[in-house]
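Engineer: Structure provided below as structure tokens; questions to follow.
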């Protein structure tokens, strides 16, 4: 199942002073990518992370994200949403409104 994870900052942080934990975070993100659970990662224009995860469910996604150093330090959290296939094109094939 695809899970969309939207980062939210929980505390005000001067990220310029956090180079050590940001390096730890990057290593953890890389490990998530190698595991196959993290499929895509982006930053918004406001520098908030947007992740696309492949997991069994939201519980598994939450468990994986809880291991990230920034989450463990209580600096960020994530809003999680399940992504389901778009079914609207079936209306074109079957003539249903």
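Engineer: Here is a check on your reading of the model: is residue 51 buried (at least 17 other Cβ atoms within 10 Å of the Cβ) and touching a residue at least 40 places away in the same chain (Cβ under 8 Å)? It would help to see each step written out before you state the result.
Structural biologist: Numbers: buried (at least 17 other Cβ atoms within 10 Å of the Cβ): yes; touching a residue at least 40 places away in the same chain (Cβ under 8 Å): yes.
Yes.
Engineer: Please find, among 59, 34, 70, 80, the residue that is farther than 21 Å from residue 12 by Cβ and in contact with a strand residue (DSSP E or B) (Cβ under 7 Å, 6 or more places away or on another chain). Talk me through it step by step, then tell me what you get.
Structural biologist: Numbers: 59 fails: in contact with a strand residue (DSSP E or B) (Cβ under 7 Å, 6 or more places away or on another chain); 34 fails: in contact with a strand residue (DSSP E or B) (Cβ under 7 Å, 6 or more places away or on another chain); 70 fails: farther than 21 Å from residue 12 by Cβ.
On inspection, the qualifying residue turns out to be 80.
Engineer: Checking residue 22 against (1) under 20 Å from residue 3 (Cα atoms); (2) in contact with a helix residue (DSSP H, G or I) (Cβ under 9 Å, 6 or more places away or on another chain): exactly one of these is not met. Which one?
Structural biologist: (1)
Engineer: Can you tell me which of 81, 1 is over 11 Å from the mean Cα position of the chain (by Cα), modelled with pLDDT of 95 or more and surrounded by 11 or more Cβ atoms within 10 Å (Cβ to Cβ)?
Structural biologist: On the way: 81 fails: over 11 Å from the mean Cα position of the chain (by Cα).
After ruling out the rest, the residue left standing is 1.
The values are calculated or read from the model by the stated rules, or taken from the named source; none is laboratory data. Here the structure is a predicted model, which is why all the values come from computation and not from measurement. Heads up, the Cβs are rebuilt from the backbone with ideal geometry, glycines too, and the neighbour counts pull from every protein chain shown.
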